[in-house]
Each structure stands twice: as structure tokens, then as C-alpha cells.
Amino acid sequence: MKKIVTTILLGTGLYAGGNYVTPVDATQSKTIEIIGEDGKVYRVRSQREGVYAGIGFGKSSVGKADGISTSLFFGYMISSYAAVELRYNTLLSDAEINGNKISSDIENVALYLKQLIPLKTYVTPYALVGYGKTSYGDLSDSGFQWGAGIDFQYTENLGFSVDYESFYSGDFDGELKEDIEAENIKLNTRYSF
């Protein structure tokens, strides 16, 4: 791994006046160093550019029904600041309303643009905006979806994240008497290839 770096002065912007040091060949290493105003060097791991895949587990809900869910996702990291991600969410078991099991399946497929904000640590907050299709039993509808999360880069290839997704708000084209919200919160693990 190359240790040659270029220093860029960022002023008082996102990095609080520190100097930003990045690898000359960004495709070989995504570990960057930031020199703070105190003169200390802070190492920052950022997800590598290229293809990644992952799995997540959490809780999904549609209206009053909820259950334990899983998520599979595949993405392409365009830069340290942006990625495109395809996600699939589904329940692992029957949904429940007030502890009573119902057999309605909750599924969601969405394509997101993922905006990342690298910081001086191994933590990277991000936002998701996209379009997807949500199915709830025999009902389905498509529309705008969004989310937010925090990524923790463990190694150059392995990372973890916690995120929230709002993947539906509406009445399934008038099929329901009232609008419902569909959302999930989950813990993910990701591997960059």
C-alpha cells in the first residue's frame, strides 16, 4: 500500500480547519489521514470505491403491523462521498399487530443514491434518497423513499452501519381507508470487493 500523500488545506470547512491528506492513488487505499490544527494526525478509514454487498437485520413496520426483517443490498461506491445502492427488505416471520400474528408479507425493493459525509473518525453519517416498490400482502405501490444512517468502517473491506428507512407513505392507491407509514431500522454489515 502506497504511503505517498498530497496535503490540501481545507480552511474552516467540514474538517474544522485541519489539513486533508489523501492517497495519490485512491483506488489502492481508502485510509486517509487528516492533520488537525493541534498537529496530530488522524487516520480515517473510508469505504473503498467499487462494488460492495451486505446484509442487515432489524425491525420493519407497515402501519400497525411489524416484524423482524432482513435486508440484502448491493452497491457501487462512486467516491468517498457518493454511492448507488439497490436494497431488498423482507420479513423473516409473520407480521404482528399488538402481539397477534397476521400472514401479510412486507417486502420492499429500492434503488438509492447514498450521500456520505466522511468525518475525522471511522464514523461516516449518510443519507439515502431513492425510488422503490413496497408490497404489503396483496397490495403494492411505488414511490419516493428516503433514509439516514451511520457507517462504521472496521477494516478496509469490512464495515457496519445502523440505518433508518422510510419506504412508504400512502394508502396503496386507495385500497386502504387511511394512509400508513412503512419503515424499518436495522443493523447492517457490508463487504467491499
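See the values below:
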item: Set of segment 161-193 residues, backbone N closer than 20 Å to the point 7 Å along the Cα-Cβ line of Val123; result: 161-165, 185-190
item: Full-stretch length increase - Ser166, Asp138 - with 0.36 nm per residue and alpha-carbon distance subtracted; result: 8.1 nm
item: Positive minus negative residues near Tyr164 (Lys, Arg vs Asp, Glu; Cβ under 11 Å); result: -1
item: Sparse-neighbour loop sites [trypsin sites (Lys or Arg not before Pro); segment 100-170; at most 13 other C-beta within 10 Å; DSSP]; result: none
item: Within-12-Å neighbourhood charge of Glu183 [Cβ basis; K, R +1; D, E -1]; result: -2
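Any read-out appearing in this document is the output of simple, stated calculations on the displayed coordinates, not a laboratory observation. Computed from a predicted model, the values in this text were never measured in an experiment. As a convention, Cβ positions derive from the backbone with ideal geometry for all residues, glycine included, and neighbour counts pool all protein chains shown.
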